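The block underneath contains the structure these notes are about, expressed in structure tokens.
The values are calculated or read from the model by the stated rules, or taken from the named source; none is laboratory data. Since the model is a prediction, treat every value here as computed from it, not as a measurement. Positions of Cβ are generated from backbone atoms using ideal geometry, with glycine treated the same way; all protein chains shown enter the neighbour counts.
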Amino acid sequence: MTRHGLHRITRFRSGPRRKAIAIGVVGGSVVAGLVATMMPLLANDDLSIRAVADTTATTVSQDGDNSAKTTLATCATRCDGNPRGGRQAVVEFEVTTVPAAAVNVRATLRMHAWQKFAATVTAHASPLSAREARPTLGAAGDVLDSVGSVSKGFNEWDVSKLVTGNGVWTVSLVQSGLESRVYWASVENRSPDLRPSLVISYDLGPRPSASPTTRPVPPPTPSASPTTASPKPSPTVEPSRTATPSASTTLPTGKCGSVSNKLVPSCGAWWGMYSPAGSSGGWDHGKAVTDVEAQVGRKFDIVHRYHDFSNTGSNGAFPDVYEQQQMREGRLMFFAWESRNFSTGTTLKWSDVYSGRQDETIDAVAGRIRAAGVPVFMGFDHEPEDEPNKGSDADFVRAWRYVHERFARAGASNAVWVWTMMGWSGHYSRYAGLYPGDQYVDWVAYDPYNFHVCNGSTVWKSPSTTVGGFYRWLDDNGIGAGKPRMLAEFGTNFDAADPGAKQRWFQEFPAALKAHPKIKAAIYFNSAGMTSRTSTCDMTMNHNAAAVAGFAKAGQDPYLRQPTGGSR
């Protein structure tokens, strides 16, 4: 999953992340496959901003150039026996990426300490300069937030009173209750993940200048009659319904119920599910989906599955019998194809793919996709930015194009190509280099999550905030312009302090999609494998009755009930 942002915050904590993809094998090979697909947890998509300067304010004469040290220090006025030994950590941030339409801006300061201390540390709006070598201690500014004790690892302060949007913001940390120094990682620390950061989330208010073409097309009413012919399994698309999208095509605006040959619904969005099978259920990938459908009272438009390059069994010889049945019953399939072997734990390099060494497997899969006879979503190595051992970004692009071209030569023109990124702001500088090109991509997808405390944060992100960051970045940078967008994975934790939060989050989700109308499909990642299930962390949609009720309510919204492909 991606994990994404509060971006890769779990990289700071080195916690395990998911990709415990359901695997159709048994015994030790299952374990190997799960281990092979685990990745570091991350989240998506608040703004995670690094400090631009910091220093330790002090009057201690022997302190040197504090603006160039790998640590910051705080200490009470009486510190280590010195009655004038007080120190404050001063940190400066430059915020430039909050959109003008942002409302309800929330900001969290995160600072790393190496040990636990029984010290109270208070964040203040600071009048000091973080760029001076040794600014002199003075009266601190307004109180923002306090922690009653210092934890080993990351500590957080709510600084929303100070950080209200774009600008230069300086915070001082003032210590009391312990007359000994506490050290914090600085911007010079050799580990980028430990450096001070500011995590910003927000909601979007109305955009007065928005043009009518950016608004969602009104969804069909539940009683509206489909404008297409009688429903067919796995929507059969007629070329006459919509023009074939070109590299620069815009999203369709036809009557509700029509679908482009690239599986783009003319209004509303597809509603999908990844639901893993397991050994306790006999690796029945069909029942894994229908059981959830029974819980929420509807059929899913899209079923998402992960497959490998083994070209055998349910892992690699796809579509398998479960997927063939699901297509016959009118569901769309999304095959996320990973260049690895789940059973053995082997990971391929992208050079193994474009060198021709995997041609037999590629051609066999292309032949089965062609034989499916209906359009299917096809992805290659989702979240490649999290695969450093597979090669460079350029290697990924070369491998993607190679696979795409072999499919084309095999006549598998029914493959609809979905380029899936984490969408984490920490990788914004890489996405242009990871994009294979408009002629090789049909949909642009990303994987946003509201991890909340599952990744060590305390930030609860609304649905709109969760999906909005990378969406806006795509708009601003023109990657995949005119392409439909997909949430190839999305999910949310619950809030132990607010039992109704997860149910409300689901109920609010359709409105978030309508506010981001280029998103034409959303697929829930219904697995606990991405995180550890605890008393405060459970990312599954159906971990309790209230969550199921909220998700079921979302799935009944007319915006997510496409009048195509059978009864949904």
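Residues being surrounded by 16 or more Cβ atoms within 10 Å (Cβ to Cβ), in contact with a Ser or Thr (Cβ under 8 Å, 6 or more places away or on another chain) and in contact (Cβ under 8 Å) with a residue 40 or more places away in the chain: count how many of those fall in region 75-96.
Residues flagged as surrounded by 16 or more Cβ atoms within 10 Å (Cβ to Cβ), in contact with a Ser or Thr (Cβ under 8 Å, 6 or more places away or on another chain) and in contact (Cβ under 8 Å) with a residue 40 or more places away in the chain within region 75-96 amount to 11.
Keeping to region 102-123, report how many residues are hydroxyl-bearing (Ser, Thr, Tyr) and within 29 Å of THR465 (Cα to Cα).
Our first condition is that a residue be hydroxyl-bearing (Ser, Thr, Tyr); within region 102-123, this holds for 108, 120, 122.
Keeping just the survivors that are within 29 Å of THR465 (Cα to Cα) gives 108, 122.
Selection size over region 102-123: 2.
Considering only region 63-93, state which residues are over 20 Å from ASP158 (Cβ atoms) and charged (D, E, K, R). Don't jump to the end; show me each part of the working.
Within region 63-93, the first condition is being over 20 Å from ASP158 (Cβ atoms), and the residues that meet it are 63-71, 73, 75-87.
Matches in region 63-93: ASP63, ASP65, LYS69, ARG78, ASP80, ARG84, ARG87.
Within the bounds of region 516-536, is there any residue that is part of a helix (DSSP H, G or I) and touching a helix residue (DSSP H, G or I) at 6+ places or on another chain (Cβ under 9 Å)?
no
Which residue pairs have Cβ atoms closer than 7 Å, lie 6 or more positions apart in sequence or on different chains, and pair a first residue in region 157-171 that is of a type in the set (Lys, Arg) with a second residue that is modelled with pLDDT of 95 or more and surrounded by 15 or more Cβ atoms within 10 Å (Cβ to Cβ)?
From region 157-171, no pairs qualify.
Please specify each residue of region 270-320 satisfying the condition of being basic (Lys, Arg) and either in contact (Cβ under 8 Å) with a residue 12 or more places away in the chain or in contact with a Phe, Trp or Tyr (Cβ under 7 Å, 6 or more places away or on another chain) (or both).
Step one: list which residues in region 270-320 are basic (Lys, Arg), which gives 287, 298-299, 305.
Once the filter is applied, which keeps residues that are basic (Lys, Arg) and either in contact (Cβ under 8 Å) with a residue 12 or more places away in the chain or in contact with a Phe, Trp or Tyr (Cβ under 7 Å, 6 or more places away or on another chain) (or both), region 270-320 yields ARG298, LYS299, ARG305.
Please determine, by comparing only the residues of region 268-309 that are hydroxyl-bearing (Ser, Thr, Tyr) and at pLDDT below 95, which one is surrounded by the fewest Cβ atoms within 10 Å (Cβ to Cβ).
Our first condition is that a residue be hydroxyl-bearing (Ser, Thr, Tyr); within region 268-309, this holds for 274-275, 279-280, 290, 306.
When the remaining residues are screened for being at pLDDT below 95, the result is 279-280.
Working: SER279: 12, SER280: 7.
Looking at the filtered set, the residue picked out is SER280.
Look at ALA125 and say whether it is modelled with pLDDT of 90 or more, in the same structural domain as SER186 (by TED's automatic domain parsing) and closer than 22 Å to SER201 by Cα. Spell out the reasoning first.
Values: modelled with pLDDT of 90 or more: yes; in the same structural domain as SER186 (by TED's automatic domain parsing): yes; closer than 22 Å to SER201 by Cα: yes.
Answer is yes for this residue.
Is it the case that ALA101 is under 20 Å from GLY85 (Cα atoms), at pLDDT below 95 and of a type outside the set (Ser, Thr, Tyr)? Walk me through it before giving the result.
Details: under 20 Å from GLY85 (Cα atoms): no; at pLDDT below 95: yes; of a type outside the set (Ser, Thr, Tyr): yes.
No.
Across region 384-404, what is the number of residues that are acidic (Asp, Glu) and outside any helix (DSSP H, G or I)? Break it down stepwise before answering.
Looking only at region 384-404, we keep the residues that are acidic (Asp, Glu), and these are 385-387, 393, 395.
So of that shortlist, the ones also outside any helix (DSSP H, G or I) come out as 387.
So the count comes out to 1.
Between ALA481, ALA511, ALA496, which is closer than 20 Å to PHE300 by Cα and either of a type in the set (Gly, Ala, Ser) or without any contact (Cβ under 8 Å) to a residue 40 or more places away in the chain (or both)? Step through it out loud before you land on a result.
On the way: ALA481 fails: closer than 20 Å to PHE300 by Cα; ALA496 fails: closer than 20 Å to PHE300 by Cα.
Residue meeting the stated conditions: ALA511.
Against the conditions (1) of a type in the set (Ser, Thr, Tyr); (2) under 30 Å from SER535 (Cβ atoms); (3) part of a helix (DSSP H, G or I), where does SER457 fall short? Just the number, please.
Every condition holds for SER457 apart from (3).
Go through region 423-479 residue by residue and tally those that are of a type in the set (A, V, I, L, M), in contact with a Lys or Arg (Cβ under 8 Å, 6 or more places away or on another chain) and modelled with pLDDT of 95 or more.
Looking only at region 423-479, we keep the residues that are of a type in the set (A, V, I, L, M), and these are 432, 434, 441, 444-445, 453, 459, 467, 474, 479.
With the extra rule that they be in contact with a Lys or Arg (Cβ under 8 Å, 6 or more places away or on another chain), the set shrinks to 441, 444-445, 459, 474.
Now narrow it down to the ones that are modelled with pLDDT of 95 or more: 441, 444-445, 474.
Number of matching residues: 4.
Inside region 256-267, can you point out the residues that are within 26 Å of the chain's Cα centre (by Cα), closer than 17 Å to PRO558 by Cβ and surrounded by fewer than 24 Cβ atoms within 10 Å (Cβ to Cβ)? Give the derivation first.
Initial filter on region 256-267 (within 26 Å of the chain's Cα centre (by Cα)): 262-267.
Narrowing the set further to residues that are closer than 17 Å to PRO558 by Cβ leaves 265-267.
Listed by number, the residues that qualify are SER266, CYS267.
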